[in-house]
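One structure is given below, encoded as structure tokens.
Every read-out reported here was derived from the displayed coordinates using simple, explicitly stated rules and does not represent laboratory data. The model shown is predicted, which means the values in this text are computed figures rather than measured ones. Methodologically, a virtual Cβ is constructed for each residue, glycine included, from the backbone with ideal geometry; neighbour enumeration extends over all protein chains shown.
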Amino acid sequence: MTFYSAQVDHARNLFLGMLGHDLRNPLHTIQMTASYLAALNADAKVSEAAGRLINSGRHMQALLDDLLDFNRTSLGLGINITPGDVDLSQLCAGALDQLRAANPGRRIDLELQGDTCGSWDSKRLQQLLGNLVRNAIKYGAPDAPVYVDLKGEAAGVVLEVRNSGPVIEQSDLHQIFDPLKRGSDNENNRDADGSLGLGLYIAREIANGHGGSIEARSDETETVFTVRLPRSHYVEYESQQR
């Protein structure tokens, strides 16, 4: 029975990997076409439709990235990290501009403090930030801002994403970074955006891949996700998830 279960898991992971790769090409075509339409400077309806396509394409790309990363960690391959010189302040500002464009009805504030330069994988940290902010938008109070705080310290940087809204129970906090976990039934009822439930798991893997950490806390005032990253420490990290 154990052998059969392992074979099923392996076949599933291979299928997910092939599916994710096969979807990249048509998605890229959609994104290129949408960008071309936006550049035409056509009438307002065409420009608006192109903008929706671009934002939807970015969301689909994020889902695919999470799916492929989950597949890699499930196969024991870990998260790929390619470090380079990064100004995390500029990275966060650019990433949040895209998230604001994709969520025009939501306010996302950024506060910067100290030296935020270091050696990290810029693409991965953009993915981490996007996953945390999208989670805050999804589960936070719809009429309240999402706050992103980035602070440089002597040994590294601290990134916090905060939102007000329903309290996350302690029992859910203990498993919130586990893959495919949704938490309470109230959260389940709001999963209408096609999310795969992998965003926080991938965020943890990326933080760990940089030799950092991520934790969550929640009370009646706010829910906070805190990421701590050393400035230049890079470790070859493999997920413990098999």
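Once you list every other residue whose beta carbon is under 15 Å from the beta carbon of A50, what net charge do they have if Lys and Arg are +1 and Asp and Glu are -1?
Numbers: positive: K45, R52, R58; negative: D43, E48.
Computed value for this residue: +1.
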Give the long-range amide H neighbours of G114: residues separated by 5 or more places, or on another chain, with amide H under 5 Å away, using H modelled in the peptide plane at 1.01 Å from N. G152
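Given an 8 Å cut-off on Cα distances and at least 6 residues of separation, report the relative contact order of the range 84-230 as a percent.
On the way: 258 pairs, mean separation 34.4, N = 147.
Worked out over the range 84-230, it gives 23 percent.
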